[in-house]
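Structure, as structure tokens:
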Amino acid sequence: MPQYLRTTIVAIHQLPSIRETLWLRIIGRGNVQKQAIDELEALTPDNPFRKAALELLYNLQQNLQVTQNQDEEDRELLMRLAPLYQQDREQAIQEREQRGLQTGIQQGERLVVENLLKVRFGEIDNELQAIIEPLLSLPPEEFTPLLLQLSREELIHQFC
């Protein structure tokens, strides 16, 4: 090939079994591919390399499914990767739900703090607004008594 094309031929079956070659070995064939998929399965579900590889493989799967002339190895690859995709999807759903739950809890705590401040001191001005975040850094069992017992000046002095 001409030098300006900067082309390289890679013999996938001769690549070392290291993480840096995993992606290429997965798109290889036969035992090389099977070993690479085993290595991918062995990575922890939260491993960023696993997540990136599964995303790329999912795109490859979509492209292979569009192709009408899949060979046996393509079908076997898709079947082998299906449980990994499913596990990755379930983990993503759980993480989203957990983030949503955490966000809801934080919003609820913020409402409680703001309402307690409004009930005790009327309008929330800039000084009271400034203490909300520091108060929220405490657990509810600590910030609730403070909001109920301390005066406006004591709260501002303690959290500003």
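The values are calculated or read from the model by the stated rules, or taken from the named source; none is laboratory data. All figures in this text were calculated on a predicted structure; none of them were measured in a lab. Virtual Cβ from ideal backbone geometry, glycine too; neighbours counted across all protein chains shown. To get the accessible areas, we keep the full protein, side chains included, count just its heavy atoms, and leave off ligands, DNA and RNA. Shrake-Rupley method; radii C 1.70, N 1.55, O 1.52, S 1.80 Å.
For GLN61, state whether it is closer than 16 Å to ALA82 by Cβ, assigned to a helix (DSSP H, G or I), without any contact (Cβ under 8 Å) to a residue 60 or more places away in the chain and touching a Phe, Trp or Tyr at 6+ places or on another chain (Cβ under 9 Å). Outline the logic, then answer.
On the way: closer than 16 Å to ALA82 by Cβ: yes; assigned to a helix (DSSP H, G or I): yes; without any contact (Cβ under 8 Å) to a residue 60 or more places away in the chain: yes; touching a Phe, Trp or Tyr at 6+ places or on another chain (Cβ under 9 Å): yes.
Yes; evaluated as a whole, the condition is true for this residue.
Filtering GLU41, GLU114, GLU123, GLU55 for residues that are modelled with pLDDT of 85 or more, assigned to a helix (DSSP H, G or I) and either open to solvent by 50 Å² or more (accessible area, probe 1.4 Å) or under 30 Å from ILE26 (Cβ atoms) (or both) leaves a single hit, GLU41.
Taken as a whole, the condition of being under 30 Å from ASP46 (Cβ atoms), open to solvent by less than 100 Å² (accessible area, probe 1.4 Å), among the small types (Gly, Ala, Ser) and free of Cβ contacts under 8 Å to residues at least 40 places away in the same chain applies to ALA92.
Among the residues making up the range 1-38, those that are open to solvent by 100 Å² or more (accessible area, probe 1.4 Å) and in a helix (DSSP H, G or I) are GLN3, TYR4, HIS13, GLN14, ARG19, GLU20, ASN31.
Among the residues examined, THR21 qualifies as on the phi < 0 side of the Ramachandran plot and either touching a residue at least 40 places away in the same chain (Cβ under 8 Å) or over 20 Å from the mean Cα position of the chain (by Cα) (or both).
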